[in-house]
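What follows is one structure encoded as C-alpha cells, with my remarks underneath.
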C-alpha cells in the first residue's frame, strides 16, 4: 500500500510538473494559498462620531414588557439560563424570535459609519453621491479610498463598521474576524487558492489568467502556528468553486475583469459566498506574497442571517442587535433592485485578501470542465 501511495504521489507530482511546463510556454504560472479573507473594515477615529453600537438594554426591554423587578433581577442574574435566552430572543411584540424574524421588531437605530474613507471599488461607475443613482442600483453615498480614488461602493462596511467586534486595522484587530481566520487556519475548515497564469514579466503583463479556487487540503502550519510557505495545495475537484477570469498586470498590480465569484464557505460563519459583479485587485509584495481586495455585491438577506445566526451570542458578543443589523443592511443596500418593490436586494461589499506562495496542483477527475467566470448583468434576478 505504501508503494502504491508513493507511485500515485509521484504520478500526481509529474502531472503537476507537466501542466506547469505546458503553461510556461504562454508565461509562468504562480500559485498562492490565502491566509486572510475577511470583510474590509476601514477604521479611523472619526468614522463613528455617534459612537459604537451596544448590546440591547435587556433590563429596559424586560421592564417595558411588564416584568416585575424581581423577575428582571432573576433573569439578569442568570444570563446563561434557558429562561434568559428565551426572554431575550423572543422579545417580539407577539413573542417572535427577533433574530429569526427581525422585521417583527421596530428599528432600534443601528449606528452606521459616517466617515468618508473606505476600502473597495467603484462598482456602479458613478464617482459622486448625487441623488440620481446609476442604472440598476439604489441611491447611496459614496466613499473615497485611502489612496484618494473617488466613488467607492462599500455599503456593507457603512452598515456594520460601527460594531466593535469588526473594527481594527484592515480587520485584523476585529476579534470576530480574527477568530474566524484562526479557525480556518488552525482547524483546516477551508482553504482558498489563487493561481495566476501568463506571467512573462515580473511587473507588467497585458493578459493574465486569474483562478480563485477552493482547496482540498488544510493549510500547513509551522511550530509557531504560522502558515508555511511553498507547500503543495490541491485544487478541489468540484468545479462549482472554480473561478477563472481574465486580468492584466501593471507595475506589479493585477486587476481582473468583472466576473461572478462563488466559493464554499465556513459552515459556522458563511456557508457559501456568491459575489456578483466581482473584481479583484492584487499587489505582488517584495517577498513574493500578494495582498489585495475583492469587491462585489452580495445578497442582503444572506448577509443578515449569516451575521446574526448565533442569536443571543451575536447580540452580547458583538455589541449589537439583530433588528438593528437587519434594518441597517436593508436601508443601505445599493444593488439589484427588486422589480416589484424597487428595494435593492444586494449590498456592495469588499474583502481584504492576503496570500503566500504555494504550489497549486490541479487534480485529475474534476467533476466538470472549469468555466471562465462571467459577470451576472446588473439588475438580473435569480
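Only the coordinates and a few stated rules stand behind these numbers; no lab work does. Owing to the predicted nature of the structure, the values given are computational and were not obtained by experimental measurement. Heads up, the Cβs are rebuilt from the backbone with ideal geometry, glycines too, and the neighbour counts pull from every protein chain shown.
If you line up the long axis of helix 2-24 against the longest principal axis of the chain, both from Cα atoms, how many degrees apart are they, to the nearest 10?
It is inclined by approximately 80 degrees.
How high is the relative contact order of the chain? Use alpha-carbon pairs under 8 Å, at least six apart in sequence, and give a whole percent. Don't skip to the end; give the middle numbers.
Values: 833 pairs, mean separation 90.3, N = 382.
With pairs under 8 Å counted, the relative contact order is 24 percent.
Here are a few candidate values for percent of Cα pairs over 33 Å apart: (i) 25; (ii) 65; (iii) 37. Which one was actually calculated from the structure I just gave you?
Recomputing percent of Cα pairs over 33 Å apart here gives the entry labelled (iii).
Under a crude label model (7 Å from the Cα following the beta-carbon direction), how far is residue 141 from residue 52 in nanometres?
Placing both labels 7 Å along Cα→Cβ, they lie 2.1 nm apart.
Among 244, 235, what is the fewest-to-most ranking by other Cβ atoms within 10 Å? It would help to have the intermediate numbers written out before the result.
Numbers: 244 18, 235 24.
Sorted ascending by nearby Cβ count, the order is 244, 235.
Using only Cα atoms and rounding to the nearest 10 degrees, what angle (0 to 90) does helix 175-186 make with the longest principal axis of the chain?
Helix 175-186 sits at roughly 40 degrees to that axis.
Among 58, 32, rank each residue by its count of other Cβ atoms within 10 Å, from fewest to most, as a rough exposure measure.
58, 32
Give the percent of DSSP beta bridges with both residues in the range 102-247 that are antiparallel, rounded to the nearest 5.
So the antiparallel bridges in the range 102-247 amount to around 95 percent.
Return the distance in nm (one decimal) between the two label points of a simple spin-label model at residue 289 and residue 70, each offset 7 Å from Cα along Cα→Cβ.
Label at residue 289, label at residue 70, 6.0 nm between them.
Counting other C-beta atoms within 10 Å, which of 259, 143, 314 has the fewest, and how do the rest follow?
Ascending number of Cβ neighbours within 10 Å: 314, 259, 143.
Given Cα pairs under 8 Å that are at least 6 residues apart, what percent is the relative contact order of the range 128-260?
Relative contact order here is 16 percent.
Helix 322-332 versus the longest principal axis of the chain: what angle, 0 to 90°, nearest 10, using Cα atoms?
Taking the Cα atoms of the chain, the angle to 322-332 is about 60 degrees.
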